[in-house]
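This report concerns only the one structure given below.
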Amino acid sequence: MSAPYTRSGRARPSGGGPELAIWYLMRVTGVALFVLALTHFLIIHVIYDPSEQDATWIAQVRWSSLFWRAFDWSLLMLVLFHAFMGVRTVIADYAQGGRRMFLLTGLYLLAGVLFVLGTVVVLTLPVVPKG
Amino acid sequence: MLFRYRGGEGMLAWAFHRISGVAVWAFVVLHVIDIYLVGGNPEAYNELLKIYASPIGRVLETVLGAALLYHALNGLRIIVMDFWPPLTRYHRQLWYLAWVIFVGVGLPVAYVILKPIWEGAPA
């Protein structure tokens with residue numbers, strides 16, 4: 001029924017196709033997120049502190065370079081795939097039929113909205129020179 | 001459900017992975033919206049930031065960091081076992097190793113996040 005080698009992850013789908021691709025992509029994005037998400041958390045909470053991170057700080061310091069905007073946008077793309085495909089697995093485990101369809105539709109719509117909101121703010125937030 | 005994964009460490013590792021994953025997902029939804037506000041409504045973002053920087057906010061951020069760190073470490077454990085199946089024999093030891101790293105990395109980070117509660121905001 002399940003692959004012999006899984007202890008807390010989803011068993012590797014045997015059929016191939018999109019499900020197998022998603023299974024691999026969850027692991028590839030997982031490794032990337034191990035680096036990017038933990039780095040992001042350390043920057044925000046250890047190197048800096050939330051108390052100094054107002055809107056001006058983000059424009060002047062955090063997002064003053066193309067590198068950090070690209071870094072955060074890459075993180076967003078990876079996490080949108082990984083987190084939403086993860087919740088998809090949870091929904092598939094606990095909901096069936098019309099209820100599952102309803103929840104998955106809402107899930108994908110939410111992912112689309114977050115893709116747009118996150119991409120818009122990364123691209124349009126003006127760079128405010130320090131001073 | 002509790003017996004589907006034969007109980008013990010493997011089942012707990014799975015349950016914690018799922019709970020921490022959904023928790024991080026929920027924060028990501030909030031976080032994309034709050035960062036959108038930086039451009040769309042900076043005043044509203046600055047108000048929300050005060051909650052993030054408050055003592056309750058800091059406790060919640062510590063919980064978020066714990067969920068993220070556990071999910072990251074246990075996720076690597078899953079990947080290691082998926083791609084090197086013989087290591088599945090040591091899934092308990094790998095889980096304990098994840099907890100050792102979790103405590104070793106997590107405690108200092110938690111201290112840094114929580115310190116302003118009793119010392120005041122850093123300059």
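Remark: mean inter-chain Cβ contacts per residue of B:86-98 equal 1, using a 10 Å Cβ-Cβ cutoff to other protein chain atoms.
Listed values for region B:18-35 are Karplus-derived 3J(HN,Hα) couplings in whole Hz (6.51 cos²θ - 1.76 cosθ + 1.60, θ = phi - 60°), namely 5, 5, 5, x, 5, 5, 5, 4, 4, 5, 4, 4, 4, 5, 5, 5, 5, 6, and x replaces Gly and Pro. Counting other Cβ atoms within 10 Å as a rough exposure proxy, the listed residues A:Met77, A:Met26 run A:Met77, A:Met26 from fewest neighbours to most.
Going from the fewest other Cβ atoms within 10 Å to the most, the residues A:Tyr48, B:Tyr111 appear in the order B:Tyr111, A:Tyr48. In chain A, the calculated helix contribution to ellipticity at 222 nm averages -22500 deg cm²/dmol per residue, counting -39,500 (n - 2.57) for every DSSP H run with n ≥ 4. In chain B, the calculated helix contribution to ellipticity at 222 nm averages -30000 deg cm²/dmol per residue, counting -39,500 (n - 2.57) for every DSSP H run with n ≥ 4. What the Kirkwood sum gives for the protein assembly as shown is a hydrodynamic radius of 19.7 Å, with every pair of different alpha carbons counted.
Along its first, second and third principal axes, ordered by size, region B:8-118 spans 54, 32, 19 Å in Cα coordinates. Going from the residue with the fewest nearby Cβ atoms within 10 Å to the one with the most, B:Ile35, A:Ile91 rank A:Ile91, B:Ile35.
Between A:Ala32 and B:Asn46, the modelled labels are 3.6 nm apart [label points 7 Å from Cα along Cα→Cβ]. Rounded to the nearest 20 debye, the dipole magnitude of the protein assembly as shown is 1000 debye, with +1 charges on Lys and Arg beta carbons, -1 on Asp and Glu beta carbons, and the Cα centre as origin. Label-to-label distance for B:Val29 and A:Ser65 is 3.4 nm, based on points extended 7 Å past Cα in the beta-carbon direction. Look at the stretch B:75-85: the mean tally of other chain Cβ atoms within 10 Å of its residues' Cβ atoms is 5. The mean number of partner chain beta-carbon atoms within 10 angstrom of a residue's beta-carbon across peptide B:47-53 is 3.
When the protein assembly as shown is described by a simple charge dipole with +1 on each Lys and Arg Cβ and -1 on each Asp and Glu Cβ, the residue from A:Trp57, B:Leu76, B:Tyr90 located farthest towards its positive end is B:Tyr90. Once the Cα atoms are used to define both axes, helix A:66-94 deviates from the longest principal axis of chain A by about 30 degrees.
Read-outs: derived from the displayed coordinates by stated rules, not from any lab. Being a predicted model, the structure only gives us computed values, none of them experimental. Here the Cβ is made from the backbone with ideal geometry for all residues, glycine too, and neighbour counts use every protein chain on show.
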